[in-house]
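The values are calculated or read from the model by the stated rules, or taken from the named source; none is laboratory data. Given the structure is predicted, the values throughout are model-derived calculations rather than measurements. Ideal geometry is used to build each Cβ from the backbone, glycine not excepted, and the neighbour counts take in all protein chains shown. These area figures cover heavy atoms from the full protein model, side chains too; ligands, DNA and RNA do not enter into them. Shrake-Rupley method; radii C 1.70, N 1.55, O 1.52, S 1.80 Å.
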Amino acid sequence: TLLLMHFDGSADADLAKGSPKFQVTGATFVAEGKWGGAISLQDAQSLSIPSEANLNMTAGTLSLWVKPSWTAPTERSHTLLSMGLDGDPAGYFALSQGWWESGGGGGRMYFIYDNQSYMHASSDVFMAQGAHLNHWHHIVLTWAEGSPGHNALYVDGRPAAKTVRDCPGVRRPRTPLVIGSDSASGLANGRWANALVDELVVYDRAMGEAEVLALFKSQEPQWEQILAREWAWLTDVLSGPQPTFARDGQG
């Protein structure tokens, strides 16, 4: 573990390989976290922590719990994480619901490992429906450079999006890791998280699918019911009445 933040009211990370000091910009600690307290990140609110030694760009896993407060469908994008990367041109690392909407980014969640290396993945699985809002969700990001490299997005224990391609070397951080704003991306378009965030953990290697699922199960008491929703389209039909429409000679 490189970084652990419980957000239980402390001004420091609970564990950090680098600096444990994070800077709070307007964000507030609240008692209604997934476990204990949480940090509330609304418009013009964020916090940041130094990225050096707290995040490994070679390979890693980042886990956090998010309870969004926006409505569906949202016409705004909401950035949960951002970090500037070095290089010429400079790059960025980001996790955002919506991104570059004028180019078709609305309605999808993006994990951008290194935009200049074209290492990014997106999915509409997260909060495509209003029923997913105002509930806690477990989001996990995994990444690794190499031939091939990868970056992947998991939601509530299940894989949502993944990109696999040759990526021998990604850019390294040039800014702190910012939670709740896109400001570190260099774009500064005012994409705010508008969410509660809890239990952020960074690991020094990329977890596999089975490990991510086990991590979710260990932190979510209702995991069986949540995973069952994935098959509701099928189980709801099977538990319903027999079809009553007439069948032709071909069945």
Are there any pairs, at least 6 apart or on different chains, whose C-beta atoms fall under 8 Å, with the first in the stretch 217-235 and farther than 18 Å from Gly33 by Cβ and the second modelled with pLDDT under 95 and among the hydroxyl-bearing types (Ser, Thr, Tyr), and if so, which?
Ala228/Thr235
Which one is nearest to the chain's Cα centre (by Cα), of the residues in the stretch 203-251 that are in a helix (DSSP H, G or I), within 16 Å of Pro159 (Cα to Cα) and aliphatic (A, V, I, L, M)?
Val212
The stretch 36-71: number of residues that are modelled with pLDDT under 95, under 27 Å from Leu213 (Cα atoms) and assigned to a loop (DSSP other than H, G, I, E, B):
2
Which residue out of Ala161, Ala206 is over 22 Å from Ala13 (Cβ atoms) and modelled with pLDDT of 95 or more?
Ala161
Checking Gly106 against (1) open to solvent by less than 10 Å² (accessible area, probe 1.4 Å); (2) more than 17 Å from Gly186 (Cα to Cα), which single condition isn't satisfied?
(1)
Search result, residues across the stretch 218-231 that are open to solvent by less than 90 Å² (accessible area, probe 1.4 Å), among the acidic types (Asp, Glu) and modelled with pLDDT of 85 or more:
Glu220
Just one listed residue, out of Leu215, Leu234, Leu238, is surrounded by 10 or more Cβ atoms within 10 Å (Cβ to Cβ) and more than 30 Å from Ala90 (Cα to Cα), and it is Leu215
Restricting the stretch 83-116 to residues that are of a type in the set (A, V, I, L, M) and part of a strand (DSSP E or B), which is nearest to the chain's Cα centre (by Cα)?
Leu95
Out of the residues in the stretch 1-58 meeting the condition of being aromatic (Phe, Trp, Tyr) and open to solvent by 50 Å² or more (accessible area, probe 1.4 Å), tell me which one is nearest to the chain's Cα centre (by Cα).
Trp35
Identify all residues within the stretch 8-35 that are touching a residue at least 40 places away in the same chain (Cβ under 8 Å), part of a strand (DSSP E or B) and not polar (S, T, N, Q); write none if there are none.
Val30
Candidates Val140, Val164, Val197, Val125, filtered to the one that is open to solvent by 10 Å² or more (accessible area, probe 1.4 Å), assigned to a strand (DSSP E or B) and β-branched (Val, Ile, Thr)
Val164
